[in-house]
Amino acid sequence: MDNKYKSVPVTSSEITPYSQYLSRRDFLKAAGIVTGSALLAACAPKATATAIPAGEAPAASGKMDELGDPANSFEDITNYNNFYEFSTNKESVNPLSQEFKTNPWTVEVYGMVNNPKTYGIEDLLSGFTQEERIYRLRCVEAWSMVIPWTGFPLANLLKEVEPTSDAKYVRFETVYRPEEMPGQESSFFYPWPYQEGLRLDEAMNDLTLLATGLYGQSLPNPNGAPIRLVVPWKYGFKSIKAIVKIDLVSEMPTSLWMNAAPNEYGFYSNVNPDVDHPRWSQKRERRIGELRRRLTLPFNGYADQVASLYTGMDLRRNF
Ligand SMILES: Nc1nc2c(c(=O)[nH]1)N[C@H]1C(S)=C(S)[C@@H](COP(=O)(O)O)O[C@H]1N2
Ligand SMILES: [Mo]
């Protein structure tokens, strides 16, 4: 497959060091052009000379996705999170997840495979070439971000364990640790642990990433440390965090969201501006840091790489 995301091994010189990124950000702040405040200024009655029209604000980090969209700031990416194990409030996930223990950590890969194996997080970091992938993340709630992940294709791990010919789907599970994750103390609304699934060909697609970091740092706790899935053409809830189990199965797995609200969340959940959520439109999205809502793209803009996975399927029904 023609791949825009060449497997470029990440070397430390290629990643903007966090200190440099911070100092650039401080510079932008000093110049009064950090996105949030610039946008506020732009809609205030007395817009100042430094106000920058939405969409033209310079990227704080200089990092961009393949459409030229600037990456969101480290601050936005780590302070506006969906991680219901900690809180349903996006701003509370960061403070509540600070003490979460991500070391030691193991990921068990099992089920319909020839070589089942339990990997320590250090094996996953050293055994697979880590690369940077700058992806758009589109939440089903109609907001989005651009995130510079580091990690490795899930396919590389699956090739090592060798799925058998009976394996048709991959089931993922988040750690269950109610003593550290306050949201897991009650199962009244959500049947913990968080689970997600992919069809095997979706899991093997080159875009599908196991992320172990962002902005060249190890993965921050609010983003699903120490390892999480990233499936950029699907709604964000498919990108399960803090993974401890990867299970190869023959039947379509049931995700936490399919269990909790089957009329609202299906298995495929490909980003699709033409299929509204039962309670809101999916036509547009709010890119965090931008003033105006932008049009949502089919498959979140990755159609040329993944649309062929769904040939013959009725995409008006996103389940
Ligand atoms: N275990 C777990 N994974 C999860 C979630 C969650 O609540 N728990 N939220 C999902 C949702 S709805 C989104 S939009 C993304 C958000 O990822 P981010 O916080 O890194 O931007 O994580 C997904 N993965
Ligand atoms: Mo989401």
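The values are calculated or read from the model by the stated rules, or taken from the named source; none is laboratory data. Owing to the predicted nature of the structure, the values given are computational and were not obtained by experimental measurement. All Cβ positions, glycine included, derive from the backbone under ideal geometry; neighbour counts span all protein chains shown. Calculation scope for accessible area: heavy atoms of the full protein, side chains included, ligands and nucleic acids excluded. Shrake-Rupley method; radii C 1.70, N 1.55, O 1.52, S 1.80 Å.
Just a few scattered comments:
- Residue that is nearest to residue 302 (Cα to Cα) [pool: residues in region 229-265 that are charged (D, E, K, R), within 13 Å of ligand 1 (Cβ to nearest atom) and modelled with pLDDT of 95 or more]: 234
- Residues that are in a loop (DSSP other than H, G, I, E, B) and more than 29 Å from residue 114 (Cβ to Cβ), drawn from region 234-267: 235, 261, 262, 263, 264, 265, 266
- Selection of first residues in region 202-219 that are open to solvent by 10 Å² or more (accessible area, probe 1.4 Å) and of second residues that are at pLDDT below 95 and not in a loop (DSSP other than H, G, I, E, B), restricted to Cβ pairs under 9 Å at least 6 apart or on distinct chains, gives the following pairs, ordered by first then second residue: 216/18; 216/21; 217/18.
- Of all residues in region 289-311 being farther than 27 Å from residue 195 by Cβ and assigned to a loop (DSSP other than H, G, I, E, B), the one that is least open to solvent (accessible area, probe 1.4 Å): 289
- The residue that is farthest from ligand 2 (Cβ to nearest atom), counting only those in region 231-277 that are farther than 18 Å from residue 200 by Cβ and β-branched (Val, Ile, Thr), is 244.
- Test: residue in region 171-186 that is within 25 Å of residue 310 (Cα to Cα), open to solvent by less than 20 Å² (accessible area, probe 1.4 Å) and more than 13 Å from ligand 1 (Cβ to nearest atom): no
- Against the list (1) within 11 Å of the chain's Cα centre (by Cα); (2) of a type in the set (Lys, Arg); (3) away from ligand 2 (no atom under 16 Å from the Cβ), the condition residue 228 fails is (3).
- Subset of region 240-269 (residues that are open to solvent by 10 Å² or more (accessible area, probe 1.4 Å), among the hydroxyl-bearing types (Ser, Thr, Tyr) and within 16 Å of the chain's Cα centre (by Cα)): 268
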